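Below: the structure, in structure tokens.
The values are calculated or read from the model by the stated rules, or taken from the named source; none is laboratory data. If you're wondering where the values come from, they're calculated on a predicted model, not measured in any experiment. Cβ placement follows ideal geometry from the backbone for every residue including glycine, while neighbour counts extend to all protein chains displayed.
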């Protein structure tokens, strides 16, 4: 897939999730102003709360556990080539749209509704399960996404601020994509 097609698909899918999440939040009478607060302190929290995700990425990159090694090989062979021709600005656009679109849909609408109807634990777990399944590249990656969903779900529940989880998601995706794409290019050259 060339980079223009990838950007178009990202904007359509992730942008669609944004509009769908926003519409569903509205229909569920979730007031955006009450769950979205951009501030310097929220941005600092987001930056700090991204750090455990980078620790997890670091551990995954160095793991010798066979399922993780298989996941890395799968990513190197099947996923990273999709992003191989992207420029840094392309990766920033992809990460931004993924962070915003997915968090509006999963945390802003789905988790909010499920927590209200089923309780905090069930709401976060079901939302995270759906998040993991919709990120299915392999069983191990789906589990990784499920755990990430739990992490983001807890942060959203505790903070009540959708902006924080959007920022965490977008920042993590951007830095991880830049790192993995550059690592992939080094591997391909040597």
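Picking from 141, 163, 136, which residue would you name as being within 16 Å of the chain's Cα centre (by Cα), on the phi < 0 side of the Ramachandran plot and outside any helix (DSSP H, G or I)? Steps first, please.
Values: 141 fails: outside any helix (DSSP H, G or I); 163 fails: outside any helix (DSSP H, G or I).
Within the list 141, 163, 136, the selection yields 136.
I'm trying to understand the selection: among the residues of the stretch 57-74, which are under 29 Å from residue 108 (Cα atoms) and in contact with a helix residue (DSSP H, G or I) (Cβ under 8 Å, 6 or more places away or on another chain)? Working first, answer last.
Of the residues in the stretch 57-74, the ones under 29 Å from residue 108 (Cα atoms) are 57-58, 60.
If the condition is that a residue be under 29 Å from residue 108 (Cα atoms) and in contact with a helix residue (DSSP H, G or I) (Cβ under 8 Å, 6 or more places away or on another chain), then 57, 60 are the ones that fit.
Cβ-Cβ below 7 Å, separation at least six or inter-chain, first residue in the stretch 27-39 and over 13 Å from residue 161 (Cβ atoms), second in a loop (DSSP other than H, G, I, E, B) and at pLDDT 95 or above: which pairs?
From residues that are over 13 Å from residue 161 (Cβ atoms), there are no pairs.
If we scan the stretch 117-128, do we find a residue that is within 21 Å of residue 41 (Cα to Cα) and surrounded by fewer than 14 Cβ atoms within 10 Å (Cβ to Cβ)?
The answer is no, given that none of the residues of the stretch 117-128 is within 21 Å of residue 41 (Cα to Cα) and surrounded by fewer than 14 Cβ atoms within 10 Å (Cβ to Cβ).
Listed here are the residues, each with its yes/no results for (1) at positive phi; (2) surrounded by 13 or more Cβ atoms within 10 Å (Cβ to Cβ); (3) at pLDDT below 90.
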{"residue": "57", "(1), (2), (3)": "no, yes, no"}
{"residue": "60", "(1), (2), (3)": "no, yes, yes"}
{"residue": "68", "(1), (2), (3)": "no, yes, yes"}
{"residue": "73", "(1), (2), (3)": "no, no, yes"}
{"residue": "80", "(1), (2), (3)": "no, yes, yes"}
{"residue": "85", "(1), (2), (3)": "no, yes, yes"}
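Whether any residue in the stretch 75-88 is out of contact with any strand residue (DSSP E or B) (no Cβ under 9 Å at 6 or more places or on another chain), touching a residue at least 24 places away in the same chain (Cβ under 8 Å) and closer than 15 Å to residue 171 by Cα is what I want to check.
yes
Could you tell me how many of the residues in the stretch 47-74 are over 19 Å from the mean Cα position of the chain (by Cα), without any contact (Cβ under 8 Å) to a residue 12 or more places away in the chain and in a helix (DSSP H, G or I)?
4
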